[in-house]
Every structure is written in C-alpha cells, then in structure tokens.
Amino acid sequence: MNINYVLENVKDFHLKDVLECGQCFHFQRTDTGLNPEEFEYDIVYRDRVLHIKEEPDTDGVKLTFENTEDWEFQTIWREYFDLDRDYSKIKEKIIAADPRLEEIVEEHSGIRILNQDFFETLISFIISQNKQIPQIKQVVNNLSSEIGTKFDVTMINRFGSEFDAFFPTVEQIHNATEDEVRASKCGFRAPYIKDAAEKVFSGEITEDELLRMDTDQARQKLMTIHGVGEKVANCVLLFGLGRTESFPVDVWMKRICEYLYFDGDTPKAEIEAFAMDKYGDVAGYAQQYLFIYGQKHRIGAK
C-alpha cells in the first residue's frame, strides 16, 4: 500500500522554480506539461528517490510526497526543501536593498535554496564548468550509473524513470579510476573530480571544517581543489554548505551587476564584495532573482 505525505497551503514555494534554477542536477520532470498549474518530478538525493507533485491550493500550493512516510519527510525532505524558513522576510530584505527587483521577486516568489549534500554539490559544480544545465544533468546521471550504487528492482519498478543509481559516494569515486570517471562524459573535468574525492576522502577537506571557517577562508580552502575557481567555490558554499551570504559571479551575473550597479567593466571579486555588502545574508537568494531580472530585460544579450 502506498503511503503519501501531503502538505497543504505551502506558501512561497514553486517546484519548477526551485529545481530548475541551476542549483541541483539529479532530477527529472515527469508530468505531461498539459496542466500549467501542476508539476511532478523525480528527485534522487543521497540514498533516496522522491516522486513529488505540486498542485494549486487555496492559499499556496499542495505538495504530495509519494511513497513517503512521516518519519522520512520529517528527517529528510523537510530540511532538503528548506520548509522551515520564512521566505517572506528574505524577499522583503531583497526588495528593500533594490526595489527594482520587486516585480521579479513577486513573479517568482517560490524560489528556495535547497539544503543539499556537500560532496554531491561539489562534484556537480565541478562538472558544471562550461556546460548547460541539460548537459550537467546528463553527466551527473552518467557518473551515478557508472560508479554509484544501483537501485534495486523494487525501486526501479516503483519510479520507472531514467535513473538507475544513486550519486556516488566519496569512497566510490576514490576507488574508481580516472578512466571510469571519464566514462561519464565529464571530459577534462575527470582529474578535477578525482582530486576533489581524494581531498575529501583523506580528510584534507571536510564539511565540518568548512562550516567552522568564515566565508573567505572556506572559499580559499575549496579552491585548493584542482579545477575549482571562485565561481564554483561560491556555488558550493551557497548550495552545498548553506552559506547564503555567498554570491557566485559568472559571465552573466557580471554583466547584470555591471548594468545595474557599476559603470563599465568591473572585476568579479569587486562585484562579489559589493553584492555581499549590499544584500548581506540574503545575497545568495538575491543572486537568483538578479539572474532572472537579467533574463527578462535581456541584459548582456547579443
């Protein structure tokens, strides 16, 4: 018998915006797309696979966590989806810092920052370099299939999705050869992935130590991994370590911030420092809205 966990009237939450904003990559949309107000996804997280459905509700949205008992929701998915945080206060801070973002914030009020696994986030953003989201998702799925623990038959039958394995553990990538990692089609990133796994496996880099450090120290520590620059380090800080003051700056964010806040070409480090000062502990959330603002107004488009 299927046991579903249901949350009703969830505010400040939109499944599509949460999952498809470029912060996570081991998921797939499974609904038909025919109903613009209903969304369904399969998500692989640590040693769990979730099928989740969103429907409109009286005052928010209704979320159905399929085949999920109360204990699993309370111990895993509540934290993963950051459901205990008051996002209305976050949005108020962002709008107060820059009223130009008010329309975007209201239109995309369901964005949340997920609480993801540190190691998977680290490897995923190493993979992300010079790749689009569909390509990143494919490599993450390939790496899981090549090296990760396979689903059992019951789970495969239960979800029937393209996934067949969990994301590999530190030990599994440590034990894999570089050629086995490269079989995921990660290309030049294979030695970077191996180096990250070696440093985490040996204890040279640990999640606990990074959490104890201030943001700049943690960023510098992450950048000792081959192939990890400031942008990837900031993404790991924000999406894998909950450092919401982090402000990743890629080429698009650079153009958007130069357009809004600077007069001409500005170093990424200066943009990052400015944004962290302007938005404080909600800088990471503001970055998500600034990116959408840039898309809407075609900032930097050729």
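Readers should treat all values here as calculations from the given coordinates under stated rules, not as data from a laboratory. This one's a predicted model, so the numbers in the text were calculated from it and none came from an experiment. We place every Cβ from the backbone using ideal geometry, glycine too, and count neighbours over all the protein chains shown.
Name the residues in the stretch 113-154 that are under 22 Å from Ala233 (Cβ atoms), charged (D, E, K, R) and crowded, with 17+ Cβ neighbours inside 10 Å, would you? First the steps, then the outcome.
Step one: filter the stretch 113-154 for residues under 22 Å from Ala233 (Cβ atoms), giving 113-133, 135-137, 139-140, 143.
Adding the requirement that they be charged (D, E, K, R) leaves 117, 120, 131, 137.
Those that are under 22 Å from Ala233 (Cβ atoms), charged (D, E, K, R) and crowded, with 17+ Cβ neighbours inside 10 Å: Asp117, Glu120, Lys137.
Within the stretch 194-206, which residues are surrounded by 14 or more Cβ atoms within 10 Å (Cβ to Cβ) and not aliphatic (A, V, I, L, M)?
Lys194, Asp195, Glu198, Lys199, Phe201, Thr206
Restricting to the stretch 161-192, count the residues that are touching a helix residue (DSSP H, G or I) at 6+ places or on another chain (Cβ under 9 Å), outside any strand (DSSP E or B) and closer than 15 Å to Ser145 by Cβ.
Residues that pass the stated criteria total 17.
If a residue has to be over 22 Å from the mean Cα position of the chain (by Cα) and of a type in the set (Val, Ile, Thr) to count, how many in the stretch 69-112 make the cut? Let's see the steps before the verdict.
Residues of the stretch 69-112 over 22 Å from the mean Cα position of the chain (by Cα): 69-71, 92, 95-100, 102-103.
Then drop every residue that is not of a type in the set (Val, Ile, Thr), which leaves 95.
Qualifying residue count for the region: 1.
How many residues are closer than 16 Å to Gln23 by Cα and outside any helix (DSSP H, G or I) if we restrict to the stretch 246-302?
Residues meeting the conditions: 5.
Name, by its number, the condition in (1) polar (S, T, N, Q); (2) outside any loop (DSSP other than H, G, I, E, B); (3) under 17 Å from Ile113 (Cβ atoms) that does not hold for Gln217.
Just one mismatch for Gln217, condition (3).
In the stretch 59-75, what count of residues is obtained for those that are over 17 Å from Leu15 (Cα atoms) and of a type in the set (Val, Ile, Thr)?
2
Quick one: Lys185 ticks every box in (1) surrounded by 14 or more Cβ atoms within 10 Å (Cβ to Cβ); (2) in contact (Cβ under 8 Å) with a residue 60 or more places away in the chain; (3) more than 30 Å from Ile94 (Cα to Cα) bar one, so which box is it?
With respect to (1) surrounded by 14 or more Cβ atoms within 10 Å (Cβ to Cβ); (2) in contact (Cβ under 8 Å) with a residue 60 or more places away in the chain; (3) more than 30 Å from Ile94 (Cα to Cα), Lys185 is out only on (2).
Within the stretch 166-175, can you find the residues that are buried (at least 21 other Cβ atoms within 10 Å of the Cβ) and of a type in the set (A, V, I, L, M)?
Ile173
Thr68 - would you say it is of a type in the set (Val, Ile, Thr) and in contact with a strand residue (DSSP E or B) (Cβ under 9 Å, 6 or more places away or on another chain)?
yes
From the list Glu37, Glu79, pick out the single residue that is closer than 30 Å to Ala275 by Cβ, surrounded by fewer than 16 Cβ atoms within 10 Å (Cβ to Cβ) and of a type in the set (Asp, Glu).
After applying the criteria, what remains is Glu79.
Are any residues in the stretch 48-76 within 19 Å of Leu114 (Cβ to Cβ), touching a residue at least 24 places away in the same chain (Cβ under 8 Å) and either of a type in the set (A, V, I, L, M, F, W, C) or loosely packed, with under 12 Cβ neighbours inside 10 Å (or both), and if so, which ones?
Val49, Leu50, Ile52, Val61, Leu63, Phe65, Phe73, Ile76
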